[in-house]
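Peer 1: Below you will find the structure I want to go over with you.
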Amino acid sequence: MGTATAGHDSTATAWRNWAGNVTATPARVVTPASVGELQEAVRRAAEDGLKVKAVGTGHSFTAAAATDGVLVRPQALAGIREIDRTAGTVTVGAGTALKDLNVALAREGLSLTNMGDIMEQTVSGATSTGTHGTGRDSASIAAQIRGLELVTADGRLLHCSEKGDDEERAVFAAARIGIGALGIVTAITFAVEPVFFLTAREEPMGFDRVTAEFEQHFAENEHFEFYWFPHTGNCNTKRNNRSQGPAAPPGAVSAWVEDELLSNGVFQAVNSLGRAVPATIPSIARIASRALSARTYTDIPYKVFTSPRRVRFVEMEYALPRERVVEALRELRSMVDRSGLRISFPVEVRTAPADDIALSTASGRETAYIAVHMYKGTPYQAYFTAAERIFTAHGGRPHWGKVHTRDAEYLAGVYPRFGEFTALRDRLDPDRLFGNDYLRRVLGG
């Protein structure tokens with residue numbers, strides 16, 4: 001991307017997402033230094049007949065942010081605007097990176113209640129695509145939003161919350177997960193709480209046991225997730241629960257196993273070998289999954305929920321009714337065992353409570369997620385196609401920021417409030433100033 005000076009257009013070159021599977025060449029790139037400059041950029045794009053899309057750090061695997069029109073980089077619209085300790089909220093600029101927000105909140109003795117497993121994304125990118133962690137009672141990052149402001153297609157700055165007038169409440173109900181279809185988010189107000197400690201307990205467990213006891217583990221833990229290693233009967237479970245502290249981070253060897261062997265440096269080398277010689281993958285999977293040992297550690301939330309992810313991959317994730325997830329996972333295992341596929345990445349299973357956001361993957365139903373990954377540069381279509389067939393048979397909803405092939409017709413059938421969202425889009429952006437090919441496919445029109 002050409003260098004963009006705050007408040008000015010830049011010469012555009014090809015934009016590429018983090019995984020490298022999506023590229024676009026915008027007509028121009030804008031990095032507004034203020035909301036007013038963003039409004040002007042939107043008005044000017046409309047006058048020039050160009051589409052407008054905002055892009056964060058490119059961690060989506062879909063083309064949700066791709067455009068050949070005006071690409072907006074909101075990174076200058078960053079930082080904490082206001083902390084309201086009485087209301088328990090923080091208002092931040094849309095371009096704020098989650099990692100910067102987490103560190104700043106911790107310095108103030110505050111924290112989000114729940115978060116995903118990485119924190120590289122901007123707050124607007126993460127929430128607009130429905131980024132989530134795992135939780136029995138606490139939901140996605142977007143579900144923690146208490147207010148937001150966005151620039152609409154006519155250049156207005158719209159403030160919305162659940163306490164506003166009818167239009168503001170309608171926009172709030174939808175725009176918390178808006179996939180960039182309703183406008184460009186400029187600021188978000190999150191609910192926060194006094195910082196607390198989480199104790200993480202990680203424990204290897206057999207596939208048959210963890211699936212048989214899934215509901216029990218879910219019920220007994222505030223945050224439960226597990227990873228299954230394809231080609232093996234081995235899983236790693238993680239239970240995060242609040243505790244009194246004090247902080248007791250993982251030891252050096254334990255941290256190396258998690259952060260390097262399973263996530264980064266060594267994992268990179270292992271995946272490179274697997275890509276070059278796929279026949280080695282089942283043996284590698286057995287060795288890697290057996291390298292795990294139980295460990296317990298305690299720290300503040302973002303240091304427990306998140307971890308670095310340097311190995312690049314492509315991902316598909318589907319949200320299923322929670323009561324269907326074990327059956328779907330068993331079908332996935334059978335499919336992999338029968339197929340001759342060679343899968344070097346673990347399969348991740350997480351949960352979320354039902355929420356009230358129109359296009360949330362957990363909208364109106366108790367949810368569990370299954371995420372499948374393939375190492376960057378490895379053909380993924382056969383695996384993802386077979387997995388998607390299983391997920392859709394169980395009424396699955398694809399993550400908006402991850403690879404999938406669903407269209408508006410399918411999505412209207414699995415989202416009860418789909419029509420509510422598209423009707424609002426028709427009102428706010430009738431000319432599809434914020435449209436692109438991805439939105440045309442998933443929302444229609």
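Peer 1: Per residue and in Å³, how big is the convex hull formed by the alpha-carbon atoms of segment 337-445? Intermediate results must be reported in sequence, preceding the final value.
Peer 2: Working: hull volume 13.0 nm³, N = 109.
Taking the convex hull of the Cα positions in segment 337-445, it is 119 Å³ per residue.
Peer 1: In whole Å and largest first, what semi-axes does the C-alpha gyration tensor of segment 300-369 yield when each eigenvalue is scaled by 5 and square-rooted? Before the final figure, lay out each step's value.
Peer 2: Working: eigenvalues 116, 84, 23 Å².
They are 24, 20, 11 Å, listed from largest to smallest.
Peer 1: Magnitude of the Cβ-charge dipole of segment 87-197, K/R +1 and D/E -1, about the Cα centre, nearest 20 debye? Please report the intermediate quantities before stating the final value.
Peer 2: Details: 8 positive and 13 negative charges, 36 e Å.
Its charge dipole is roughly 180 debye.
Peer 1: State the Cα centre-to-centre distance between segment 342-415 and segment 75-129 in whole Å.
Peer 2: What the calculation gives is 26 Å, centre to centre.
Peer 1: Per residue, how much space in cubic angstrom lies within the convex hull of the C-alpha atoms of the chain? The partial results should precede the final answer.
Peer 2: Numbers: hull volume 59.4 nm³, N = 445.
Roughly 133 Å³ of hull volume per residue.
Peer 1: If packing is taken as the average count of other Cβ atoms within 10 Å, what order do 210-223, 346-359 fall into, highest mean first?
Peer 2: Values: 210-223: 16.1, 346-359: 21.4.
Ranked from most to least packed, the peptides come out as 346-359, 210-223.
Peer 1: Separation between the residue 195 and residue 81 pseudo-spin-labels, each 7 Å from Cα along Cα→Cβ, expressed in nm?
Peer 2: Output for this residue pair reads 2.5 nm.
Peer 1: Any idea which of 305, 292, 434 is furthest toward the positive side of the dipole for the chain, if Lys and Arg beta-carbons carry +1 and Asp and Glu beta-carbons -1?
Peer 2: Toward the positive end, the furthest listed residue is 292.
Peer 1: Let me ask something additional. On the protein heavy atoms, probe 1.4 angstrom, tell me the percent of accessible surface of segment 315-401 carried by carbon and sulfur. Each step should come with its number before you reach the end.
Peer 2: Numbers: 1300 of 2740 Å².
That fraction is 48 percent.
Peer 1: Would you please report the Å³ per residue occupied by the convex hull of the alpha carbon atoms in segment 114-199? Write down the numbers at each step before the final one.
Peer 2: On the way: hull volume 9.1 nm³, N = 86.
In segment 114-199, the Cα convex hull volume per residue is 106 Å³.
Peer 1: On to the next question. In whole Hz, what ³J(HN,Hα) sequence does segment 209-220 give by Karplus (6.51, -1.76, 1.60; θ = phi - 60°), x for Gly and Pro?
Peer 2: 5, 5, 6, 5, 9, 3, 5, 5, 4, 4, 5, 8
Peer 1: Using the reciprocal of the averaged 1/r over all distinct C-alpha pairs, how large is the Kirkwood radius of segment 151-245 in Å? Please list the in-between numbers first.
Peer 2: Numbers: mean 1/r = 0.0578 Å⁻¹.
Result for segment 151-245, one decimal place: 17.3 Å.
Peer 1: Then there is this: Where does the Debye-calculated log10 I(q)/I(0) of segment 11-159 sit at q = 0.10, 0.13, 0.15, 0.19 Å⁻¹, using only Cα point scatterers of equal weight, no solvent?
Peer 2: Scattering profile of segment 11-159, log10 relative to I(0): -0.37, -0.62, -0.82, -1.22.
Peer 1: Something else: What number, in nm² with one decimal, is the all-direction average of the projected area of the convex hull of the alpha-carbon atoms of segment 370-430? Could you put the intermediate results ahead of the total?
Peer 2: Numbers: hull surface 21.4 nm².
Projected area, direction-averaged: 5.3 nm².
Peer 1: Determine how large the accessible area of residue 51 is when every protein chain is in place; take a 1.4 Å probe and give Å² rounded to the nearest 10.
Peer 2: Result for residue 51: roughly 70 Å² accessible.
Peer 1: Calculate the dipole size of segment 315-445 relative to its Cα centre from +1 charges on Lys and Arg beta carbons and -1 charges on Asp and Glu beta carbons; express the result in debye to the nearest 20.
Peer 2: On the way: 19 positive and 18 negative charges, 66 e Å.
Using Cβ point charges on Lys, Arg, Asp and Glu, segment 315-445 gives about 320 debye.
The values are calculated or read from the model by the stated rules, or taken from the named source; none is laboratory data. Since the structure is predicted, the reported quantities are computational estimates derived from the model, not experimental observations. Glycine also receives a Cβ, built like all others from the backbone with ideal geometry; neighbour counts cover every protein chain displayed. Each accessible area value is taken on the protein alone, full model and side chains, heavy atoms only, with ligands, DNA and RNA left out. Shrake-Rupley method; radii C 1.70, N 1.55, O 1.52, S 1.80 Å.
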